[in-house]
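Peer 1: The structure follows.
The values are calculated or read from the model by the stated rules, or taken from the named source; none is laboratory data. Being a predicted model, the structure only gives us computed values, none of them experimental. Using ideal geometry, Cβ is built from the backbone for each residue, glycine included, and neighbour counts are taken over all protein chains shown.
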Amino acid sequence: MRSREAPAAAPGPVRQRNAAAGPAAPAGGPAPRRRITRHVDILAPEPETRRGTHVGDRAVRLQRPHVEGVRRLERGVYEIVSEPEPGSRFGRLARRLRRTMIGTPIRSEHESHERLSKFLGLAAFGTDNISSSAYATEELMRVLVLAGTAALALTMPISLAIVALLAVVVISYQQTIRAYPMGGGSYIVTSRNLGTIPGLVAGASILVDYILTVAVSVSAGVAALTSAFPALYENRVLLAVVAVALIAWGNLRGVKESGMLFAAPAYIYLASWFGLLGYGLFLYVTGAQPAYVPPPDNPAHLPIHGLEVLGLFLILRAFASGSVGLTGTEAIADGVAAFKDPTDRNARTTLILMAVFFSTIFLGISFLSSWLHLIPDPAELETVNSQLTRTLVGKGWYYYLVQFGTALLLVLAANTAFADFPRLASFMARDKFLPSHFMIRGGRLAFSNGIILLAIVAAVLILIFQGSVTALIPLYTIGVFLAFTLSQSGLVRRWWRLREAGWRWRLVVNSAGATVTAIVAVVVAVTKFALGAWVVLVLIPALVFLLLGIRAHFHKVAGQLRVEPGDRESHPDEAVRELHHYVLIPVADLNRAALRAIAYARSLTGQVNGNGAPGNGGRSAVIQAVHVTDDADSADDLQHRWERYDPGVELVIIESPYRAFIGPLLRFIDAVEKRHPEGTAIVTVLLPEYMPAHWWEVFLHTHTALQLKGALLFRPRTAVASVRYHLNA
């Protein structure tokens, strides 16, 4: 970004340095002369002549032309502040629609205005963790009930253990934000302290977690909605996919705007649940326990002893299922740079608020569910939260407010993944582990490619698992705790290596966190392996292998393209090598489109004729028109007309007995290249194209030129260009 602090007309160090760019002068010697190439200033002053008051007098004034959307910053530097208006009606309509849906572009220097306050940051990055309170209790209860209803008494103790684990993780991530205030989370911390492979494991784990976050959150939100309106249950998958598309659209409009869009549902959820839990605690204190009515398909009295024995394995499995509530804790550490200044302090405050809100609601739901002896619905038609709300306040307006707020927040909790997945992908693309597309920001300063990819993959997952939260949960949490463990282990290494002020107590905190989360990761992997967790355990190493392959490709490309200062003398580059240049113009007939392409080729090569004789440029080039045909008579006719008209270039006839066009032309190009040593012949295929006046007329033509471009795309020494002739309406 070029600074605008100094006036454009005032010379400063930057302008002087630009003007004097070049190799450094030896001490005490004159500055080296810089070779100046010819510069065309598109905003150069133009002379304007006016007659004076006396006969023969003339006044000349230099006036700088005005070009809409273009500003001259200095010699050879321009700023383009607007795009040209599309020429077609369809293009103008598409541009207007894009501006309406996505919004007008935002200037790069206005990025600071797009940053989030703590209020909006909680809605953008905290909803994933907070919304987990809507299904964490139910997931651990579903495991405990396998041992019978008596086992549900362990709901509250396991919930307290999960909140204690959350406290350890939050304290650890407070240290992460302090140490890495520019964000990056587990991937950055692990890569810089433990090495490339552990960093990729952490990065791949979090990427997988964000994809599952979208699928699980949206599916859980739709489940809350169908609990209140059972008639929608059959359309749950369609509703989930539409919800993913809407959240992606909101994020394409920018981080700040998505935070503003999704702030209201987050605070409606918090307010409604705090009110419900407060009322439930009031009933508990006063001893007014309401009657619980199970769902219609749920037996009123399940056996005290279930299908499985209540042992350590089942308790650990229930703990692993409930630990899904810790998902999303990573998000704020990943998105520190999105907060307003002071970024690190605002992020740490938001992290604490997020943990407090989640813990309060999660413990409240677990406590009241145990008190009321709620039982999870085996058919998944009604959630535990719906049963709790219905039991406490009935099916009145407050019930629908809570269910609507829960459904909306669960769906919009996917916004956390949409805010962080593209940002993490951009970090990994910067390090050459992902394609460069993920570093590109759209007109609204959002990483649009990452947003679109996340939406597509999450929608596919929802379709595969038919929007079932219970089916998706076993795939969840493994990557989260693996990333937690690696991140905190990286911080332990950092404190031990740097030994900054306060490093001892920080090392103890992160060591405890790494140990606890490692144990939980093992528990989750073992207890959920047969339920589908093996998929993630196989997927993460495969992703790491893929990421390493992507980086190897980029390193190979960079090595082949790199230019060193001494290469010019030892290995002449393409800019100074003598090349034999051929321009081949495929023509279907002698028409205006072909003549325009021929005129373009002759002017480009600087020739007065098409036989290689040097003209104003003195370049070595051959121009030939090529006609591929399977009809000898029509070819003879074209040859006679060509000679009579004499466009100035030779016409070569290629007969194709198998009626193919592209194959014979490619074989002819091969023959041209073989006439010269490898690497010294460059063939330019100049394609005459005529463009119809109306968009619908495009479908009436064969588009042979487009097919030829595809066939020539990967040829190493062949260039392709189009010369278009636009037809009138």
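Peer 1: Before we move on, is SER603 more than 38 Å from the chain's Cα centre (by Cα), modelled with pLDDT of 80 or more, of a type in the set (S, T, N, Q) and surrounded by fewer than 19 Cβ atoms within 10 Å (Cβ to Cβ)?
Peer 2: yes
Peer 1: While we're looking at this one, here's another question. So, in the stretch 276-315, of the ones that are under 19 Å from THR383 (Cα atoms) and at pLDDT 75 or above, which residue ends up surrounded by the fewest Cβ atoms within 10 Å (Cβ to Cβ)?
Peer 2: ALA291
Peer 1: Which of the residues that make up the stretch 245-259 are more than 15 Å from the chain's Cα centre (by Cα) and modelled with pLDDT of 75 or more?
Peer 2: LEU246, the sole residue that qualifies.
Peer 1: Can you run down the residue pairs with Cβ atoms below 8 Å, 6 or more apart or on separate chains, where the first is in the stretch 142-171 and under 18 Å from PHE367 (Cβ atoms) and outside the structural domain of ILE361 (by TED's automatic domain parsing) and the partner is of a type in the set (Ser, Thr, Tyr) and part of a helix (DSSP H, G or I)?
Peer 2: As it stands, the answer is none, since no pair meets every condition given.
Peer 1: For the stretch 429-455, what are the residues that are more than 11 Å from the chain's Cα centre (by Cα) and of a type in the set (A, V, I, L, M, F, W, C)?
Peer 2: Residues satisfying the conditions are PHE433, LEU445.
Peer 1: Could you look through the stretch 336-350, keep only residues that are touching a Ser or Thr at 6+ places or on another chain (Cβ under 8 Å) and assigned to a helix (DSSP H, G or I), and pick out the one that is surrounded by the most Cβ atoms within 10 Å (Cβ to Cβ)?
Peer 2: Ranking the candidates gives VAL336 first.
Peer 1: Let me ask another. Select from the stretch 173-202 the residues that are part of a helix (DSSP H, G or I), farther than 20 Å from ALA337 by Cβ and over 23 Å from the mean Cα position of the chain (by Cα) and list them in ascending order. Steps first, please.
Peer 2: First, pick out the residues of the stretch 173-202 that are part of a helix (DSSP H, G or I): 173-179, 185-194, 196-202.
After this cut, where a residue has to be farther than 20 Å from ALA337 by Cβ as well, the list is 194, 196-198, 200-201.
Passing the criteria: only LEU194.
Peer 1: Pick from GLY405, GLY335, GLY328: which is of a type outside the set (Val, Ile, Thr), under 25 Å from LEU472 (Cα atoms), modelled with pLDDT under 80 and in the same structural domain as LEU531 (by TED's automatic domain parsing)?
Peer 2: Selected residue: GLY328, the only one of GLY405, GLY335, GLY328 that is of a type outside the set (Val, Ile, Thr), under 25 Å from LEU472 (Cα atoms), modelled with pLDDT under 80 and in the same structural domain as LEU531 (by TED's automatic domain parsing).
Peer 1: A further question on this structure: Within the stretch 224-252, track down each residue that is out of contact with any helix residue (DSSP H, G or I) (no Cβ under 6 Å at 6 or more places or on another chain) and either closer than 20 Å to ILE130 by Cα or not in a helix (DSSP H, G or I) (or both).
Peer 2: Residue satisfying the conditions is PHE229 alone.
Peer 1: Here is a list of conditions, (1) at pLDDT 90 or above; (2) surrounded by fewer than 17 Cβ atoms within 10 Å (Cβ to Cβ), and PRO614 meets all of them except one; can you say which number that is?
Peer 2: So PRO614 meets the others, but not (1).
Peer 1: Which residues, taken from the stretch 570-599, are of a type outside the set (Gly, Ala, Ser), surrounded by fewer than 10 Cβ atoms within 10 Å (Cβ to Cβ) and modelled with pLDDT under 55?
Peer 2: ASP573, GLU574, VAL576
Listed here are the residues, each with its yes/no results for (1) free of Cβ contacts under 8 Å to residues at least 24 places away in the same chain; (2) closer than 22 Å to LEU547 by Cα; (3) among the polar types (S, T, N, Q).
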{"site": "MET439", "(1), (2), (3)": "yes, yes, no"}
{"site": "THR470", "(1), (2), (3)": "no, no, yes"}
{"site": "GLY479", "(1), (2), (3)": "no, yes, no"}
{"site": "GLY502", "(1), (2), (3)": "yes, no, no"}
{"site": "VAL520", "(1), (2), (3)": "no, no, no"}
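Peer 1: Taking the stretch 152-211, which residues are of a type in the set (D, E, K, R) and over 16 Å from PRO422 (Cα atoms)?
Peer 2: ARG178, ARG192, listed by residue number.
Peer 1: Right, another one. What are the pairs with Cβ atoms under 9 angstrom where one residue, in the stretch 354-374, is closer than 16 Å to THR329 by Cβ and the other, located anywhere, is modelled with pLDDT under 90 and among the aromatic types (Phe, Trp, Tyr)? Sequence gap at least six, or different chains.
Peer 2: These pairs meet every condition: MET354/PHE125; ILE361/TYR269.
Peer 1: As an exercise: evaluate VAL189 against (1) surrounded by fewer than 24 Cβ atoms within 10 Å (Cβ to Cβ); (2) among the hydrophobic types (A, V, I, L, M, F, W, C); (3) farther than 30 Å from LEU363 by Cα and give the number of the one condition it does not meet.
Peer 2: Tallying (1) surrounded by fewer than 24 Cβ atoms within 10 Å (Cβ to Cβ); (2) among the hydrophobic types (A, V, I, L, M, F, W, C); (3) farther than 30 Å from LEU363 by Cα, VAL189 fails exactly one: (1).
Peer 1: Do we find that LEU408 is surrounded by 18 or more Cβ atoms within 10 Å (Cβ to Cβ), part of a helix (DSSP H, G or I) and touching a Pro at 6+ places or on another chain (Cβ under 8 Å) in this structure?
Peer 2: Taking the combined requirement at face value, the residue satisfies it.
Peer 1: Under the condition of being outside any loop (DSSP other than H, G, I, E, B) and among the β-branched types (Val, Ile, Thr), which residue from the stretch 681-707 is modelled with the lowest pLDDT?
Peer 2: Only one residue fits best here, namely VAL698.
Peer 1: When you look at SER489, is it hydroxyl-bearing (Ser, Thr, Tyr), crowded, with 23+ Cβ neighbours inside 10 Å, touching a Ser or Thr at 6+ places or on another chain (Cβ under 9 Å) and touching a residue at least 12 places away in the same chain (Cβ under 8 Å), yes or no?
Peer 2: Yes.
Peer 1: Mind listing just one residue for me: the one in the stretch 424-437 that is in contact (Cβ under 8 Å) with a residue 60 or more places away in the chain and surrounded by fewer than 21 Cβ atoms within 10 Å (Cβ to Cβ) and, of those, farthest from HIS555 (Cα to Cα)?
Peer 2: So, considering only residues that are in contact (Cβ under 8 Å) with a residue 60 or more places away in the chain and surrounded by fewer than 21 Cβ atoms within 10 Å (Cβ to Cβ), the one farthest from HIS555 (Cα to Cα) is PRO435.
Peer 1: If I filter the stretch 664-680 for residues that are assigned by TED's automatic domain parsing to the domain that holds ALA588, part of a strand (DSSP E or B) and either modelled with pLDDT of 85 or more or under 24 Å from LEU604 (Cα atoms) (or both), do I get at least one hit? Spell out how you get there, then give the answer.
Peer 2: Quick first cut of the stretch 664-680, residues assigned by TED's automatic domain parsing to the domain that holds ALA588 only: 664-680.
Filter once more, so that each one left must be part of a strand (DSSP E or B): none.
No.
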